[in-house]
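Novice: Mind having a look at this structure? Questions to follow.
No lab work stands behind these numbers, since they all come straight from the coordinates. Keep in mind that what you see is a predicted model, and the values were worked out from it rather than measured. Methodologically, a virtual Cβ is constructed for each residue, glycine included, from the backbone with ideal geometry; neighbour enumeration extends over all protein chains shown.
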Amino acid sequence: MVTFPRLFKPLVDWAVTMILWTHFTLGFCVFFAPRYVWACFRARDREAAFQRLNHRYFRSFFRLVQWITPRLSLRIDAEVRTVRSAVIVCNHLSYLDPILLISLFEKQKTIVKSVFFRVPIFGWVLRRSGYIPSKTGGDYTSLMIRNIETIRGYLDAGGNLFIFPEGTRSRTGKLGPFNKGAFSIARYCRAPVVCLAIRHSDRLFIPGRFRFNTCVSNVLSVARIGSFDPDYGDPAFRLGDLIREIRTLYEARQAQDSD
């Protein structure tokens, strides 16, 4: 005999998905698009204004996710919200990960796949927010150079740059190879590196699926698992050593979580 939750789970999944995507699109157009237009023409610091709006928009999205998703808990360590003036690295499990981090930090920049800068409206928001394209070529080159050159002052003023060093989502939950770009930027800026770990975002929004996975017990969490403040001026400093040390930290965390 089919149980009630199993029988109705697909219907609940689709209902939640439709509500969330409606908020994501129509909610943006009705409640947030006018604020972005105002910020574009009237804000004294347009980039900071766009980042605040991104933060509030995605924070409202996750509040709605919590409200309408059965049996989901969102657990954010208090230490995470206090991070400032750092290059943040994080594991990557789901498309939800970047917008989740934006929802946690009012002043935030990140590296975004260059193709998204071509998407109407979305690309306009990315450019005005000071986000960095992942690849050079065409007008992306000048945009990347301009944003990288200003990132040191941005971090000094309390902003955060978060990057997923794996570069793409993990389909298995296992840690992928690290690209050195995030760590090179940290060295260029003489910035500390803060390591965050996201768990179970891939249970809520499974890679390769359109609909959200609801009606299952799930704790989506973000934890601060370590930080590094290297002496970049030390002749003995090696970027490869830093990357290996951070990777070891994540591997130990994954082993701990799997126990």
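Novice: Starting from the coordinates of the alpha-carbon atoms of the stretch 140-259, obtain the Kirkwood hydrodynamic radius over all distinct pairs and give the value in Å to one decimal.
Specialist: After inverting the pairwise mean of 1/r, the radius is 16.5 Å.
Novice: Taking 0.36 nm per intervening residue step and subtracting the Cα-Cα distance, what contour gain separates V30 from K174 on full extension?
Specialist: 47.9 nm
Novice: Also, quick follow-up: Provide the net charge surrounding F237, with neighbours chosen by a C-beta distance below 9 Å and charges set as Lys +1, Arg +1, Asp -1, Glu -1.
Specialist: Net charge in that neighbourhood comes out at -1.
Novice: Another question, then. Suppose the Debye formula is applied to equal point scatterers at every Cα of the chain; what is log10 I(q)/I(0) at q = 0.10, 0.11, 0.12, 0.17 Å⁻¹?
Specialist: These q points yield log10 I(q)/I(0) values of -0.53, -0.64, -0.76, -1.46.
Novice: Which entries in the list K9/K113; K9/K135; K107/K135 go over 29 Å, if you measure between the two C-alpha atoms of each?
Specialist: K9/K113; K9/K135
Novice: So how far apart, in nm, are the two label points at Y188 and D229 if each is 7 Å from Cα heading toward Cβ?
Specialist: Distance between label points: 2.4 nm.
Novice: Cβ under 15 Å from F24's Cβ, F24 left aside: what net charge do those residues give with Lys, Arg +1 and Asp, Glu -1?
Specialist: Computed value for this residue: +4.
Novice: Please compute the modelled spin-label separation between S217 and W21, points set 7 Å along Cα→Cβ, answer in nm with one decimal.
Specialist: 3.0 nm
Novice: Suppose we keep just the alpha-carbon trace of the stretch 1-67; what are its Rg and Dmax in angstrom?
Specialist: Both quantities, over Cα of the stretch 1-67: 17.1, 63 Å.
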